[in-house]
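For reference, the structure is listed below as structure tokens.
Bear in mind these aren't lab numbers, they're just calculated from the coordinates by the rules spelled out. From a predicted model like this one, the values you see are computed outputs, not experimental measurements. A quick note on method: Cβ atoms are made from the backbone with ideal geometry, for glycine too, and the neighbour counts reach across all protein chains shown.
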Ligand SMILES: *Cc1c(COP(=O)(O)O)cnc(C)c1O
């Protein structure tokens, strides 16, 4: 039903809805490929950012691999066209059935997050008489300078193996018969906008790599994870993130040896800007000091503001009245259920539509049916220009 709505006025869209700009997604994908392919970089799309079938089919068709963090994500990647040999599997808590599933499908690699996990993978691989290819996820102790809930690469973080434990990792690699070390993996966080962070990461990776080389365990793959940030403040200025600047940092600062391939796991930067959450104003309520616009979407459809105090730009395509200040809030019974605080918008009335931008990553995937909510609609557009105000 992709284009059916295209001639309907915005105000006729069923709300709340996610509207995906498929044209922008394709532009983003081809932008990444045109830079990554000549450098022989391989990009695995991180399914956890958005695992909508339509988006995944488009991404797999564009030749991307898949980065999964659960058994169900592996299933979903297979169903939507990602070849098993281009699927990697990360996560601190892989259950036995998930490891078995990955072994049965001969996926490319496990990104191992602890030595006990390596031992369990060995045990399951022995039972199936299979060789498990792994990368070890190392905690590089680089501060991503982003929100603390989405920082993953510093000490005392549950993710990755600390550098002090590398000698034991080497020992395990040598002694575990059904495990084959193929790569080194890091992922330091998400929504990283300070590109110097990636430079520090490259320099640290060079040290870690040298250590493995000295210990006679050279690796074929260096996987630097994801994390490239988006422009949430002014999405219209940067609908496609600056992948050129991003890849250039790795080209300049990371030592790749002959035969080595560099892998990325991009999530947010691939799908973030192509998704918009559209919601309708139900009521305008005057508080003592605050004017509330109460809308029909809530944290059940987009939890990022409630969870991380994340900022999303909000616009209205249906009002050109004089601007006023609003708190834009949802109907859910939680005080944290808001989309914007004290933001200026043209005067709103019941029935006006709001567009919440940059909602294509960690939006739909984190929806819930708290309060037994179940009304959410989806539209896919190949030509958003027909709605200049969206
Ligand atoms: C979340 C995650 C990613 C993707 O991060 P983005 O910030 O969305 O690019 C990549 N790799 C791993 C291991 C992750 O957990």
Rounded, prolate or oblate: which fits region 90-266 when a ≥ b ≥ c are the square roots of the eigenvalues of the alpha-carbon gyration tensor, with rounded for a/c under 1.5 and prolate only if a/b beats b/c?
-> prolate
Centre separation in Å (Cα based) which lies between region 76-92 and region 241-306 = 22 Å
Any idea how far the Cα center of region 97-145 sits from the one of region 191-235, in Å?
-> 20 Å
With the Cα gyration tensor of region 21-114 giving a ≥ b ≥ c as the square roots of its eigenvalues, does the rule (a/c under 1.5 for rounded; else a/b larger than b/c for prolate; else oblate) give rounded, prolate or oblate?
-> prolate
In range of the label at residue 261: residues from region 50-87 whose backbone nitrogen is under 17 Å from the point 7 Å along Cα→Cβ | 60-68, 82-87
Fewest-first ordering of 242, 337 by Cβ atoms within 10 Å yields 242, 337
Helix 196-214 vs. the chain, principal-axis angle (Cα, 0 to 90°, nearest 10) = 20 degrees
Based solely on its DSSP helices, what 222 nm [θ] is calculated for the chain when runs of n ≥ 4 H residues each add -39,500 (n - 2.57) and the sum is averaged over all residues, nearest 500 deg cm²/dmol?
-> -8000 deg cm²/dmol
Distant alpha-carbon pairs in the chain (separation over 36 angstrom), percent | 28 percent
So how tilted is helix 115-128 from the main axis of the chain? Cα-based, degrees 0 to 90, rounded to 10.
-> 80 degrees
According to the square roots a ≥ b ≥ c of the eigenvalues of the Cα gyration tensor, what is the shape class of region 273-386, taking rounded for a/c under 1.5, prolate for a/b larger than b/c otherwise, and oblate for the remainder?
-> oblate
Please give the contour-minus-distance gain from residue 92 to residue 322: 0.36 nm per residue of separation, less the Cα-Cα distance, rounded to one decimal in nm.
-> 77.7 nm
Could you work out which residue, out of 119, 347, 322, moves most in a Gaussian network model of the chain, that is, has the largest mean-square fluctuation with Cα springs under 10 Å?
-> 322
Spin-label point model (7 Å from Cα, Cβ direction): what's the residue 174 to residue 158 distance in nm?
-> 3.3 nm
Taking R0 as 45 Å and r as the Cβ-Cβ distance between residue 106 and residue 233, the FRET efficiency 1/(1 + (r/R0)^6), rounded to the nearest 0.05, comes to 0.55
Of the listed peptides 185-197, 370-382, what is their order by residue-averaged count of other C-beta atoms within 10 Å, with the highest listed first?
-> 185-197, 370-382
Evaluate E = 1/(1 + (r/R0)^6) for residue 220 and residue 54, where r is the Cβ-Cβ distance and R0 equals 25 Å; express this FRET efficiency to the nearest 0.05.
-> 0.15
Given the peptides 211-217, 40-46, 356-362, 94-100, arrange them by the average over their residues of other C-beta atoms within 10 Å, most packed first.
-> 356-362, 40-46, 94-100, 211-217
At 0.36 nm per residue, minus the direct Cα-Cα distance, what do residue 166 and residue 286 gain on full extension? Give it in nm, one decimal, please.
-> 37.3 nm
Would you kindly state how much longer the chain becomes between residue 311 and residue 248 on full extension, computed as 0.36 nm times their sequence separation minus their alpha carbon distance, in nm to one decimal?
-> 19.9 nm
